[in-house]
Amino acid sequence: MTTGPDVSARPKDYRLLVPREWFRIDLVQDRWRKQLKTFVDLQAEGRNCPAEVKQEAWAGLRNTAESAVANGALEFFLRPELHDGSIMPVSLVVSLVPRPGAPTPGDLLALFEERERRSGRGAEVSIVALPAGEAVRIRSRTTLDLYVHMPGTAGYLALGFVVPVTGVTGPMERLCTSMAESLRWIM
């Protein structure tokens, strides 16, 4: 029988398994803009990609990264997908939501259900059990967000997947779920 993490101690770090072909950008370091440009250049290389498409991809990803950094993001993972000549990456943003005395997953579920009801987006909100602990799961057509409750009432680690082309269904949903299930706390 497996047991969950020690819920009284705060983790020192986390470990998350991400497929090798995904490009990692460390948002804690100041060099993330250069890493992001490298990603865009690599995706456009040899694909007859117009300069406007590269610029548009760079600007969109930069805006996403800047917003993520402002909201406590630690890492940004990108998996390229090409659609109609555009660079449309699948992405994962890992963020720390530090909240000493954070609400329980049940309380967070109620907050997100109310937010979704008001927004009318139609996202599914539920609680799932992951090996790392309980998580609030929010799934829309193209996004999958998981707020994993951290041990020691330290807050939540948020995993935000965006799948713009194929959406979060079928094999891509299974991949995102597998990545979330690989999350482990380093105590």
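Brief remarks follow.
- Segment 80-187: GluC sites (Glu not before Pro) falling in loop per DSSP and having at most 16 other Cβ within 10 Å: E81
- Inter-probe distance in nm under a simple model that places probes 7 Å from Cα toward Cβ, at R20 and T104: 4.4 nm
- Element breakdown for the chain at a 1.4 angstrom probe: carbon and sulfur atoms account for 52% of the accessible area.
- Surface exposure of the chain, expressed per residue as accessible area with a 1.4 Å probe, stands at 55 Å².
- Highest GNM mean-square fluctuation among P105, P80, P50, for the chain modelled with Cα contacts below 10 Å: P50.
- Cα-centre dipole for the chain with unit charges at Cβ (Lys and Arg positive, Asp and Glu negative), debye to 20: 200 debye
- Stokes-Einstein diffusion for segment 46-187 at 37 °C, viscosity 0.692 mPa s, with a Kirkwood radius from C-alpha pairs, works out to 202 µm²/s.
- Remark on L74: its backbone amide H falls under 5 Å from those of V94, S95, L96, a criterion applied only to residues 5 or more positions apart or on other chains, H modelled at 1.01 Å from N.
The values are calculated or read from the model by the stated rules, or taken from the named source; none is laboratory data. Not measured: the values here are computed from a predicted model. All Cβ positions, glycine included, derive from the backbone under ideal geometry; neighbour counts span all protein chains shown. Surface accessibility is based on the protein's heavy atoms, side chains included, excluding ligands, DNA and RNA. Shrake-Rupley method; radii C 1.70, N 1.55, O 1.52, S 1.80 Å.
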